[in-house]
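Here is the structure we will look at, set down as structure tokens.
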Amino acid sequence: MNEIWTEKYRPRLLKDMRGQENVVSRLSAFITEGSLPHLLLAGPAGSGKTTASLCIARELYGGRWHSNFLELNASNERGIDTIRVKVKDFAKTMPMGTRFKVIYLDEADALTQDAQHALRRTMEKYSETTRFILACNYMSKIIPPIQSRCAVFRFSPLSRDETKAFLKDIAIKENVDAEDSAYDAILDIAEGDMRRAVNVLQTASILKKKVTEKTVNEVAGGADPAAVKMMLQNAVSGDYKKAREALLDLILKQGFQAEDIMKEVYRQIHSLDIPDERKLILMEKAGEYEFRLTEGSNPRIQLEAMLASFAISRKL
Ligand SMILES: Nc1ncnc2c1ncn2[C@@H]1O[C@H](COP(=O)(O)OP(=O)(O)O)[C@@H](O)[C@H]1O
Ligand SMILES: [Mg+2]
């Protein structure tokens, strides 16, 4: 019951992963051949890098995968020296019933250049009995000598359809009743990060029996989209007074942070019923006020000023 869904529904086999078709078919070929080069997996958070690595271990080693797989995180370990010690300890016992063991190093791009050179030497030193799977967000932060020693795989953010289908499957299994607009809200928030999408769905469903757009936004800390849209609609139609009331309601009564309101403003500008040219003007203005907010100006004054400028832009 209290299981974390991202673990409970993490695919166990490569073929069960969503999206990443290209990556999955190339990785599956290694399994079929029973050989594995070093791998470099690059892509955003929650796109399946760790999942794919765990699948590889399971498919290579079956029930014995635990003893043949070591997971390390470059930003948790205290520098390359602790990584080297752990790799050494792991690599010195012979692999159980296979030719090599697998070491998964997450956030490899957190290592300095020097540390990466040391890592490369370690990879070479133990190449007889180990294969490295390095995961990173940005390929460009990995030194070329490591890149050239690895088969490179690029993971994309999951598409809206892929994410939604995954969420719906979970919802059926967990008896979650969610409105269609709730899924859309989750997809907006997750931006292709499957972990975040699943987490928001789980948290929202704990909070409310029926998951709505509003619950989702409460859980994710974003401002209520419908309220923000109304506020903007009032501003662009020139009713500054009403727009300001809505703003104060969001800040004072509902307790939203200016940053969260701002994020929602960006999303909602696109959905306003105004010509595209005017949307561009609003986007540009919003950008200006967003900058002032991050510079530490009084958030309430800045947001009020932004609404005023939206109202005035009608006459431009
Ligand atoms: N391609 C995918 N298919 C299915 N589920 C996925 C996929 N990518 C991520 N997930 C889900 O999101 C969670 C986080 O994925 P993970 O592989 O740890 O991402 P990362 O790329 O950050 O390593 C997993 O537990 C899994 O439930
Ligand atoms: Mg990961």
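Computed values, structure above
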{"quantity": "Helices (runs of 4 or more DSSP H) lying entirely in the range 106-184 (those with 3 or more residues that are within 16 Å of ligand 1 (Cβ to nearest atom))", "calculated": "160-173"}
{"quantity": "Restricting the range 185-198 to residues that are in contact (Cβ under 8 Å) with a residue 40 or more places away in the chain and either crowded, with 20+ Cβ neighbours inside 10 Å or part of a loop (DSSP other than H, G, I, E, B) (or both), the residue that is nearest to ligand 1 (Cβ to nearest atom)", "calculated": "Met194"}
{"quantity": "Those residues of the range 37-54 which are more than 6 Å from ligand 1 (Cβ to nearest atom) and in a helix (DSSP H, G or I), in sequence order", "calculated": "Ala52, Ser53, Leu54"}
{"quantity": "Any hit, the range 41-62, residues being over 27 Å from the mean Cα position of the chain (by Cα) and surrounded by fewer than 15 Cβ atoms within 10 Å (Cβ to Cβ)", "calculated": "yes"}
{"quantity": "Residue within the range 70-87 that is within 30 Å of Ile206 (Cα to Cα), in a loop (DSSP other than H, G, I, E, B) and in contact (Cβ under 8 Å) with a residue 24 or more places away in the chain present", "calculated": "no"}
{"quantity": "Filtered residue count, the range 1-44, keeping only those that are small (Gly, Ala, Ser) and without any contact (Cβ under 8 Å) to a residue 60 or more places away in the chain", "calculated": "5"}
{"quantity": "Some residue of the range 55-63 being of a type in the set (Gly, Ala, Ser), assigned to a helix (DSSP H, G or I), touching a residue at least 40 places away in the same chain (Cβ under 8 Å) and not assigned by TED's automatic domain parsing to the domain that holds Glu191", "calculated": "yes"}
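Yes or no, residue by residue, for (1) aromatic (Phe, Trp, Tyr); (2) more than 16 Å from ligand 2 (Cβ to nearest atom); (3) not assigned by TED's automatic domain parsing to the domain that holds Ser47:
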residue	(1), (2), (3)
Leu134	no, no, no
Tyr138	yes, no, no
Arg149	no, yes, no
Ala165	no, yes, yes
Ile170	no, yes, yes
Val176	no, yes, yes
Ala185	no, yes, yes
Ala190	no, no, yes
Asn199	no, no, yes
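The values are calculated or read from the model by the stated rules, or taken from the named source; none is laboratory data. No experiment lies behind these values; they were computed from the predicted model shown. Reconstructed Cβ throughout: ideal geometry from the backbone, glycine too, with neighbour counts over all protein chains shown.
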